[in-house]
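A short worksheet on the structure shown next.
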Amino acid sequence: ASTLAAAAQQSGRYFGTAVAANKLGDSTYVGILNREFDMVTAENEMKMDATEPNQNQFSYGNADRIVNQARGQGKRIRGHALAWHSQQPGWMQNMSGTALRNAMLNHVTQVATYYRGKIYAWDVVNEAFADGNSGGRRDSNLQRTGNDWIEAAFRAARAADPGAKLCYNDYNTDNWSHAKTQGVYRMVQDFKSRGVPIDCVGFQAHFNSGNPVPSNYHTTLQNFAALGVDVQITELDIEGSGNTQAQQYQGVTQACLSVPRCTGITVWGIRDTDSWRASGTPLLFDGSGNKKAAYNSVLNVLNSG
Ligand code: G3I
């Protein structure tokens with residue numbers, strides 16, 4: 001196959017990208033989007049600050065532009081993200097206790113209900129674990145409402161959109177030996193054992209020289225899948241260039257293809273110039289929209305899977 005989406009489909013997988021609503025008028029951008037990808041994540045437009053700027057007043061204009069563009073082209077959508085300590089609207093940032101818990105659950109319910117039936121998978125909770133060696137939860141206003149806030153969010157999401165896969169999504173959870181990876185693993189294991197609704201784990205996969213693709217990446221994905229959840233690579237980007245970068249992209253793609261329950265890969269933007277990273281060249285297309293060596297290595301692996 002000659003595109004990322006068609007190549008991924010050969011093994012029943014998808015290949016997605018993050019999309020920004022304010023780039024939908026850029027014909028080069030939209031041309032690559034429509035040609036290469038079959039899954040779309042709104043880069044910012046479905047976050048809490050975007051969808052509920054004032055309490056109980058919901059705003060879906062930019063998110064809908066992305067959803068409608070994608071669905072019009074037959075693409076599916078990953079929803080990102082229902083509950084997160086970051087990108088909270090101002091009114092929520094200083095809330096606490098029962099009022100915050102109820103506001104969070106109302107947000108999850110309202111947004112998941114609005115998009116009911118249109119979302120392949122929701123990142124229900126994003127980035128709730130601490131960096132470093134504790135393996136525990138990140139301190140946040142949501143965490144301070146009680147350790148059960150994550151399962152409460154998942155139950156609310158399931159009730160609102162029973163057809164969507166419900167994911168926990170985080171970064172720096174790629175290396176199996178890291179405490180953060182183990183902490184998330186134990187939570188998923190606990191949720192599965194108690195019947196808390198969870199269907200998938202998202203691995204953001206933002207890699208750079210300080211956080212390289214681990215040699216045990218396959219082990220990480222396989223061990224999570226063995227808990228009975230799908231795994232997805234949700235925000236892939238890899239700093240670097242040329243063959244070195246291409247080889248790392250190849251390794252990540254191979255790791256996913258080697259795990260039957262790794263259902264797809266999403267890159268966090270289209271061209272290098274679309275990346276959230278202020279400088280650098282972490283994506284599959286250069287600033288002019290040309291395919292990079294990394295693109296070719298990913299396509300080749302997908303075609304061999
Ligand atoms: O849209 C405003 C613009 O009007 C304003 O002039 C400008 C001035 O700062 O800000 C613009 O908003 C920015 C927005 O991106 C759109 O470009 C925000 O400041 C900026 O904070 C925001 O950054 C996003 C970041 O999440 C916020 O947390 C990045 O685009 C987005 O790529 C990044 O994505 C995250 C995932 O959601 C979660 N995982 C990590 C990943 C990378 O950080």
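Points to keep in mind about this one:
- For region 221-251, the set of residues classified as more than 21 Å from residue 79 (Cβ to Cβ) and within 16 Å of the ligand (Cβ to nearest atom) consists of 238, 239, listed by residue number.
- Inclusion of residue 280 among residues that are farther than 18 Å from residue 209 by Cα and surrounded by fewer than 23 Cβ atoms within 10 Å (Cβ to Cβ) is not warranted.
- Flag for residue 40 being surrounded by 22 or more Cβ atoms within 10 Å (Cβ to Cβ) and either away from the ligand (no atom under 13 Å from the Cβ) or at positive phi (or both): yes
- Where a residue in region 6-26 is farther than 21 Å from residue 60 by Cα and surrounded by fewer than 16 Cβ atoms within 10 Å (Cβ to Cβ) and its partner, wherever it lies, is hydroxyl-bearing (Ser, Thr, Tyr) and at pLDDT 95 or above, with Cβ under 9 Å and at least six apart: 12/263
- Residue that is farthest from the ligand (Cβ to nearest atom) [pool: residues in region 43-84 that are under 22 Å from residue 265 (Cα atoms) and touching a Ser or Thr at 6+ places or on another chain (Cβ under 6 Å)]: 78
- Consider region 164-210 and keep the residues that are part of a loop (DSSP other than H, G, I, E, B) and among the β-branched types (Val, Ile, Thr). The one that is farthest from residue 114 (Cα to Cα) is 173.
- Every test in (1) surrounded by fewer than 22 Cβ atoms within 10 Å (Cβ to Cβ); (2) free of Cβ contacts under 8 Å to residues at least 40 places away in the same chain is passed by residue 45 save one, and that test is (1).
- The residue that is nearest to the ligand (Cβ to nearest atom), counting only those in region 6-24 that are closer than 26 Å to residue 51 by Cβ and among the polar types (S, T, N, Q), is 22.
- Residues within region 91-121 that are without any contact (Cβ under 8 Å) to a residue 24 or more places away in the chain and within 16 Å of the ligand (Cβ to nearest atom), tallied: 0
- Each residue in region 258-281 was checked for being within 16 Å of the ligand (Cβ to nearest atom), in contact with a helix residue (DSSP H, G or I) (Cβ under 7 Å, 6 or more places away or on another chain) and without any contact (Cβ under 8 Å) to a residue 60 or more places away in the chain, and 1 of them qualify.
- So residue 184, is it touching a residue at least 12 places away in the same chain (Cβ under 8 Å) and away from the ligand (no atom under 16 Å from the Cβ): no
- Looking across region 204-220, the residues that are within 16 Å of the ligand (Cβ to nearest atom) and under 18 Å from residue 294 (Cβ atoms) come down to 204, 205, 206, 207, 208, 211.
- Residue match in region 163-180 (condition: surrounded by fewer than 21 Cβ atoms within 10 Å (Cβ to Cβ), more than 18 Å from residue 229 (Cα to Cα) and without any contact (Cβ under 8 Å) to a residue 24 or more places away in the chain): yes
- Pair list, Cβ < 6 Å and 6+ apart or interchain, from region 190-219 residues that are farther than 16 Å from residue 250 by Cα and of a type in the set (D, E, K, R) to residues that are in a helix (DSSP H, G or I) and at pLDDT 95 or above: none
- Selected residue (criterion: surrounded by the most Cβ atoms within 10 Å (Cβ to Cβ)) from residues of region 122-139 that are within 14 Å of the ligand (Cβ to nearest atom) and in a loop (DSSP other than H, G, I, E, B): 128
The values are calculated or read from the model by the stated rules, or taken from the named source; none is laboratory data. This structure is a prediction, so every number in the text was calculated from the model and none was measured. Heads up, the Cβs are rebuilt from the backbone with ideal geometry, glycines too, and the neighbour counts pull from every protein chain shown.
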